[in-house]
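Enquirer: Pasting a structure below so you can have a look.
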Amino acid sequence: MKNPMEHAVDTLTEWLWSKARAGALTNYTEAGAVIGLDPQSQILWGILGEISTRSFYEYEVMLSVIVVNQKEGYPGASFFTLAEELHKKDIDEPDRLPFFCSEVQGVFRKANP
């Protein structure tokens, strides 16, 4: 039997891939609701980080890129911090939008081979 955190990671991962197959973005409120967490929850952010780390090593894309801030239209700062670690490169503020667009397209391609 999976522990609750593993179950949450797996549940949200499956849901995010279904969104990606549909070519859709989502937001922190919707993602949190899938696993019963507040969109401002650090637990949610940790789960999203784990999901992106796993998808990066398995598929070379960060799946949680499709979870965006409703106001800004792209992921929060912690996403870009993780992206810098995984991609081993700096992603400065002016580079965030092009990186985001490229990563979203990569996720959509992986979801629909």
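Enquirer: If you go through region 59-67 one residue at a time, do you hit one that is in contact with a Leu (Cβ under 9 Å, 6 or more places away or on another chain) and among the aromatic types (Phe, Trp, Tyr)?
Expert: No, region 59-67 has no match at all.
Enquirer: Follow-up. Give the number of residues within region 1-36 that are part of a loop (DSSP other than H, G, I, E, B) and touching a residue at least 24 places away in the same chain (Cβ under 8 Å).
Expert: Qualifying residue count for the region: 4.
Enquirer: Which residues, counting only those in region 25-69, are polar (S, T, N, Q) and under 15 Å from CYS101 (Cα atoms)? Working first, answer last.
Expert: Filtering region 25-69 for residues polar (S, T, N, Q) gives 26-27, 29, 40-42, 52-53, 55, 64, 69.
Selection gives THR26, SER64, ASN69.
Enquirer: On to the next question. Have a look at LEU44, LEU48, LEU82 and point out the one that is part of a helix (DSSP H, G or I) and in contact with a strand residue (DSSP E or B) (Cβ under 8 Å, 6 or more places away or on another chain). It would help to see each step written out before you state the result.
Expert: Values: LEU44 fails: in contact with a strand residue (DSSP E or B) (Cβ under 8 Å, 6 or more places away or on another chain); LEU82 fails: in contact with a strand residue (DSSP E or B) (Cβ under 8 Å, 6 or more places away or on another chain).
Unique residue meeting the criteria: LEU48.
Enquirer: Right, here's the next one. Can you tell me which residue is farthest from HIS87 (Cα to Cα) among those in region 30-58 that are exposed (fewer than 13 other Cβ atoms within 10 Å of the Cβ) and of a type outside the set (Gly, Ala, Ser)?
Expert: Here the residue is ASP38.
Enquirer: Based on this model, can you work out whether VAL68 counts as closer than 23 Å to ASN112 by Cβ and touching a Pro at 6+ places or on another chain (Cβ under 7 Å)?
Expert: Spelling it out, VAL68 is indeed closer than 23 Å to ASN112 by Cβ and touching a Pro at 6+ places or on another chain (Cβ under 7 Å).
Enquirer: Would you be able to say whether some residue in region 91-111 is among the charged types (D, E, K, R) and surrounded by fewer than 12 Cβ atoms within 10 Å (Cβ to Cβ)?
Expert: Yes, the conditions are met somewhere in region 91-111.
Enquirer: Sticking with this structure for a sec: State whether the residues of region 70-78 include one that is crowded, with 17+ Cβ neighbours inside 10 Å, of a type in the set (Ser, Thr, Tyr), outside any helix (DSSP H, G or I) and at pLDDT below 95.
Expert: Yes.
The values are calculated or read from the model by the stated rules, or taken from the named source; none is laboratory data. The structure presented is a predicted model; accordingly, all values stated were derived computationally and were not measured. Note that each Cβ is placed from the backbone with ideal geometry, even for glycine, and that neighbours are counted across all protein chains shown.
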